[in-house]
Ligand code: SAH
């Protein structure tokens, strides 16, 4: 078992793999001005187990959605949930990396991505994904964002080491413009979107620790303890600094 296997194990049964909620997904959806009955082609990138993918399929009733993630274990669960919800024929899962996508140029009506673009970086991600959208196609993406003008140095240092692209919304909006998008709406995910995810994760951490503290391989035990500790630290950090950062949800439209 590798460290990555353990991290996936910790997240496989959570509703989402990052901060977000049905309400926020619907709020973003409401900013998208498309006929919901059209035969749209949509990609949901870094979908995880795809709570929001199911919502996209419900809203866009004739759309074909390709849900992409690096890890088949998440995609298996999405397939199962899609089948249970009667949406299996319109959601196709694809194991691929977000920076190496198999779509044709200008073939998609919309790209959706919640809590995932940081894996390739926002600036790179929007520039790379833009080519797959049709002219006037839609991009809805959530990204870590500073939500106040100023912040404690300690927090800034942490994020500069972790993900130096964290920036105020004005920077993200400018980057979207430079990549050929018009930003139609932007909002900040509420704290409840984080606490819902972290509450669920906290419970999983306890089960996970219990399970892996009894693992036969001492290295796995140690890795699991380290992962549990790292996620606890992440949760505590959010509790302490939740006034300063969140995910911004950016809804944008490709110029031409
Ligand atoms: N969108 C989901 C999951 C967010 S967590 C939600 O909001 O619940 C980030 C997701 O990105 C994880 O599912 C992770 O497996 C996926 N991921 C990480 N690196 C990736 C890559 N290079 N390509 C595609 N998906 C990736």
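Hey, rough spin-label estimate for residue 182 and residue 105, points 7 angstrom out along Cα→Cβ, what's it come to in nanometres?
It is 2.3 nm.
Per DSSP helix of 4 or more residues, -39500 (n - 2.57); summed, then divided by the residues of the chain. What does that give at 222 nm, rounded to the nearest 500? Each step should come with its number before you reach the end.
Details: 9 runs with 116 residues, N = 256.
The per-residue figure over the chain is -14500 deg cm²/dmol.
By count of other Cβ within 10 Å, fewest leading, how are 93, 59 ordered? Each step should come with its number before you reach the end.
Values: 93 23, 59 15.
Going from least to most buried by this count: 59, 93.
Rg and Dmax of the stretch 1-83 over Cα atoms: what are they, in angstrom?
In order Rg, Dmax, the Cα atoms of the stretch 1-83 give 13.8, 46 Å.
Among 189, 101, 54, whose mean-square fluctuation peaks in a Gaussian network model of the chain (Cα, cutoff 10 Å)?
Checking each option, the largest mean-square fluctuation is seen for 101.
Which one of 104, 165, 182 has the biggest mean-square fluctuation once the chain is modelled by GNM with Cα springs under 10 Å?
Maximum fluctuation in the GNM of the chain, among the listed residues, is at 104.
Can you tell me the FRET efficiency between residue 39 and residue 95 if r is taken as the Cβ-Cβ distance and R0 is 22 Å, rounded to the nearest 0.05?
Values: r = 25 Å, r/R0 = 1.13.
Once rounded, the FRET efficiency stands at 0.30.
Using a Förster distance of 41 Å, how high is the FRET efficiency between residue 216 and residue 62, based on the Cβ-Cβ distance and rounded to 0.05? Walk me through the intermediate numbers first.
Values: r = 51 Å, r/R0 = 1.24.
The formula returns an efficiency of 0.20 here.
Normalise the Debye intensity by I(0) for the stretch 186-256, one equal point scatterer per Cα, no solvent, then take log10 at q = 0.15, 0.27 Å⁻¹ and round to two decimals.
Those come out to -0.63, -1.15, one per q.
With each pseudo-label sitting 7 Å past Cα toward Cβ, what's the residue 230-residue 1 distance in nm, one decimal?
With each label point 7 Å from Cα toward Cβ, the separation is 1.5 nm.
Can you tell me the mean projection area, over all orientations, of the convex hull of the stretch 2-138's alpha carbons? Units nm², please. Before the final figure, lay out the partial values.
Numbers: hull surface 32.2 nm².
Taking a quarter of the hull surface, the average projection is 8.0 nm².
Would you mind telling me which residue in 58, 90, 214 has the biggest mean-square fluctuation in a Gaussian network model of the chain, where springs connect alpha carbons within a distance under 10 angstrom?
214
Wrap a convex hull around the Cα atoms of the chain, take a quarter of its surface area, and give that in square nanometres. Kindly include the intermediate steps, with their values, before the conclusion.
Numbers: hull surface 54.2 nm².
Directional mean of the projected Cα hull area for the chain stands at 13.5 nm².
With label points built 7 Å along Cα→Cβ from the Cα atoms of residue 22 and residue 239, find their separation and express it in nm.
Label at residue 22, label at residue 239, 2.8 nm between them.
Every number in this text was worked out from the coordinates using simple rules, so none of it is lab data. Quantities reported herein were computed from a predicted structural model and do not represent experimental measurements. Positions of Cβ are generated from backbone atoms using ideal geometry, with glycine treated the same way; all protein chains shown enter the neighbour counts.
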